[in-house]
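The values are calculated or read from the model by the stated rules, or taken from the named source; none is laboratory data. Predicted, not measured: the structure shown is a model, and the values here were computed from it. Every residue, glycine as well, gets a Cβ built from its backbone with ideal geometry; the counts of neighbours run over all protein chains shown.
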Amino acid sequence: MAEPAVSAGKNPVLIRIEDLRRDFTVGSRTVSALAGVSLDIRRGQTVAVVGESGSGKTTLGNQILGIDQPTSGRILFEGREITATRDTDMRRRIQVVQQSPYTTLNPKRSLRQILDLPIAIHSNRSRRERRDRVAELLEIVGVPADFMERHPYMLSGGQRQRVALARALAPEPDVIVLDEPTSSLDVSVQARILQMLVDLQSQYQLTYLFITHDLSVVRNIADEVVVLYRGYVVERGATTELFSNPQHRYNAMLLSSIPVVSEPEEALKPSWDWDGDVLGIEPSVGAACPFLPRCPHAVALCDQGVPPLVAATPTHLHACRNPRGPGAACRE
Amino acid sequence: MSAEPILAVEDLHLRIRQFEGEAHILNGVSLRLGAGERVALVGESGCGKSSTALIAMGLMNSGNMSVDGRVMLEGTDLLGLGEREWRNIRGRQISMVFQDPGAALNPVFTVGDQLATAIRRGDPGTSLAEAQERAAEALRHVHVVDSERVLASYPFQLSGGLNQRILITMALVNRPRVVVADEPGSALDVTVQEQTLRLMKALTDEVGAAVLLITHNLGVVRTFAQRVYVMYSGTIVEEAETARLFETPRHPYTKALLAAVPRLTGEGLPQPIPGQVPDYTNPPAGCRFQPRCPHARADCVDPPFAEPEPGHRVRCVLGD
């Protein structure tokens, strides 16, 4: 699919995703978790992928990690195709932090064992050097090195998430896929983890793919945002533009649902007709805008195929046939 | 707040005997709900919010616990009641909406069976057929299209948002005076959470039920509640009307919680709160927030409640 390029930032493109599709067969039906997703991830940037559950966020992360294979489309890393196979070094360069730190750390292993494995696989360090590296990693994420022989159950949720981050850092990656890394944590702990992510990014020139449904976090951490709806990219571009001037109606709905804590934030939320939304509607299948069944702003054109991405500005794309318009004030 | 509270929790203490010693989980919690009032109880995990709710529902007592204080529902002290008496109150005069809709519904009964059971619990004279008819009506009332199919479904066949809607319907179907809602919608998408809260507001208004909303999300508090209690480490540290609390938070803990929330205005990263909720078996003497407080000073011992403005109470030696 030809589409306009988003030129957000001058950093070179690290990962390019071209028309990625992933179909799952459910009974006699085919569901597209990803229905032709294209995007560029630039080195040193944070790209946030947002959307409701079932929008394909995690499937996209899994494709980049190589955990899952796409039905069609390509993934390029520094221009090299890594869609089908990747060597050990390629796998080293892309790591992951998953959502729940309660289920992603092996309860039978000590922190030392948990962190030792990726180091042993991806380096030639001796046992003693690996032990020093484990201590160093724990210090980097703010966990005392003498916790090394402890097991995950002895740690708090925040500490476990730090250990999960240390495990991702262990093989010295270029990219970390962060899949809802703070959504199971209290705000006070979340704030600390976010600060650490930002510090680590600048220290090690990391690139983040930040998968989340928390738009308030995205606003403060991401350079670029990709809004997914039922496997389609419905809007993407520079963070400030997507928040200050949302174009796609789905993006407006997401923004208006954020519970905020102050008047100035309330003023930034687009209005949304909540009573116009209906529950229990079956997904449409590729013949129309995927958001059509829920959209109170639909026009006649909206059922004429899936709308393509068009540029609102050079750094802001959307796929809406009845967008909110260029100068739409946030309160309509 | 109206003069006569419908639910009043008075000087509630919860102590649990553990291997490490006695944990003093709730340390004199008092809160009041006026008839039809929406009140939030907010704080970090582990500060005693859910314990307070479970005690008020008569769902927390075992051999190693001791509960002191009073929970008055329209003049009756609920703490002294036996299980038989509770059955006439729970689900009829006071009901609860739990956090995880997938786990709160029984997976081996259909939604229709569970709703009908709740209806017959409230009104034992109802026949099964009548109860099922009322269940269908209740679902249509909360805008569930295709209510026949939904009633015949098991919870795992339905979406989280729909299950949450059913739980709320179930909690309100007997027109209780008080609903305790523990993080409703927080396990769901933000769009579904918004719809859930709107539904809760509309239904409780209609029935005239008061709501005690337990949450850690200050944004949810601001959109839903009329009055707020801020809880820290088993103690209420601040109480105010919602608008006032967000305009002029007075307790250092409330201020710290607000500063930890990422803002939509994009002011950069939120500020973490240093330290963590203290160990309950050996809590710091006096103000339990003192070890984490940027304004702590030598006389931070056992602060009383100050009332700098009518209805705005704060437990801090600084007084503001």
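Rundown of residues vs (1) more than 12 Å from chain A (Cβ to nearest Cβ); (2) in a strand (DSSP E or B); (3) surrounded by fewer than 21 Cβ atoms within 10 Å (Cβ to Cβ), yes/no style:
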position	(1), (2), (3)
B:ASN163	no, no, no
B:ARG175	yes, no, yes
B:ALA181	yes, yes, no
B:PRO184	yes, no, no
B:LEU188	no, no, no
B:LYS201	no, no, yes
B:LEU212	yes, yes, no
B:MET231	yes, yes, no
Filtered residue count, region B:234-243, keeping only those that are within 13 Å of another protein chain (Cβ to nearest Cβ) and touching a strand residue (DSSP E or B) at 6+ places or on another chain (Cβ under 9 Å): 1
Test: B:GLU267 is in a strand (DSSP E or B) and of a type outside the set (Val, Ile, Thr): no
Flag for A:GLN159 being at pLDDT below 95, assigned to a helix (DSSP H, G or I) and surrounded by fewer than 23 Cβ atoms within 10 Å (Cβ to Cβ): yes
Only listed residue being under 26 Å from B:SER45 (Cα atoms) and not polar (S, T, N, Q), chosen from B:VAL150, B:VAL173, B:VAL180, B:VAL144: B:VAL180
Residue match in region A:45-52 (condition: out of contact with any helix residue (DSSP H, G or I) (no Cβ under 9 Å at 6 or more places or on another chain), closer than 21 Å to A:GLN99 by Cβ and modelled with pLDDT of 95 or more): yes
Boolean, B:ASN88 is under 23 Å from B:PRO176 (Cα atoms), free of Cβ contacts under 8 Å to residues at least 12 places away in the same chain and over 18 Å from the mean Cα position of the chain (by Cα): yes
Those residues of region A:101-113 which are outside any helix (DSSP H, G or I) and buried (at least 17 other Cβ atoms within 10 Å of the Cβ), in sequence order: A:PRO101, A:THR104, A:LEU105, A:SER110
Number of the condition not met by B:GLN99 [criteria: (1) touching a strand residue (DSSP E or B) at 6+ places or on another chain (Cβ under 6 Å); (2) of a type in the set (S, T, N, Q); (3) within 19 Å of B:VAL207 (Cβ to Cβ)]: (3)
Entirely in region A:192-284, the strands (runs of 3 or more DSSP E) that have 1 or more residues that are away from chain B (no Cβ under 12 Å), buried (at least 22 other Cβ atoms within 10 Å of the Cβ) and among the basic types (Lys, Arg): A:232-238
Cβ-Cβ under 7 Å pairs, at least 6 apart or on other chains, region B:263-279 side more than 7 Å from chain A (Cβ to nearest Cβ) and in contact (Cβ under 8 Å) with a residue 60 or more places away in the chain, far side among the hydrophobic types (A, V, I, L, M, F, W, C) and part of a loop (DSSP other than H, G, I, E, B): B:VAL277/B:CYS47
Unmet requirement for A:THR182, which otherwise passes all of (1) at pLDDT 95 or above; (2) under 27 Å from the mean Cα position of the chain (by Cα); (3) in a loop (DSSP other than H, G, I, E, B): (1)
Qualifying residue in region B:125-140 (condition: touching a Leu at 6+ places or on another chain (Cβ under 9 Å) and either surrounded by fewer than 16 Cβ atoms within 10 Å (Cβ to Cβ) or under 28 Å from B:LEU31 (Cα atoms) (or both)): no
Residue match in region B:267-282 (condition: at pLDDT below 95 and touching a His at 6+ places or on another chain (Cβ under 9 Å)): yes
Subset of region B:100-113 [surrounded by fewer than 20 Cβ atoms within 10 Å (Cβ to Cβ) and of a type outside the set (Asp, Glu)]: B:GLY102, B:ALA103, B:ALA104, B:ASN106, B:PRO107, B:VAL108, B:PHE109, B:THR110
Subset of region B:233-263 (residues that are part of a loop (DSSP other than H, G, I, E, B) and either buried (at least 18 other Cβ atoms within 10 Å of the Cβ) or charged (D, E, K, R) (or both)): B:SER233, B:GLY234, B:PRO249, B:ARG250, B:HIS251, B:ALA260, B:VAL261, B:PRO262, B:ARG263
Residues (β-branched (Val, Ile, Thr) and without any contact (Cβ under 8 Å) to a residue 60 or more places away in the chain) located in region B:280-290: none
Long-range neighbours under 6 Å by Cβ, at least six apart or interchain, first residue acidic (Asp, Glu) and modelled with pLDDT of 95 or more within region B:154-180, second in a loop (DSSP other than H, G, I, E, B) and surrounded by fewer than 22 Cβ atoms within 10 Å (Cβ to Cβ): none
Any hit, region A:58-70, residues being part of a loop (DSSP other than H, G, I, E, B), at pLDDT 95 or above and touching a Leu at 6+ places or on another chain (Cβ under 8 Å): yes
Qualifying residue in region B:264-272 (condition: touching a strand residue (DSSP E or B) at 6+ places or on another chain (Cβ under 6 Å), buried (at least 24 other Cβ atoms within 10 Å of the Cβ) and not acidic (Asp, Glu)): no
Total residues in region A:40-52, condition within 14 Å of chain B (Cβ to nearest Cβ) and in contact with a Ser or Thr (Cβ under 9 Å, 6 or more places away or on another chain): 4
Failed criterion for B:MET72 (all others in (1) closer than 27 Å to B:PRO5 by Cα; (2) assigned to a helix (DSSP H, G or I) hold): (2)
Those helices (runs of 4 or more DSSP H) lying entirely in region B:91-145 with at least 1 residues within 14 Å of chain A (Cβ to nearest Cβ) and more than 23 Å from the chain's Cα centre (by Cα): B:111-122, B:128-141
Out of A:ASP89, A:ASP174, A:ASP116, sole residue that is surrounded by fewer than 17 Cβ atoms within 10 Å (Cβ to Cβ) and acidic (Asp, Glu): A:ASP89
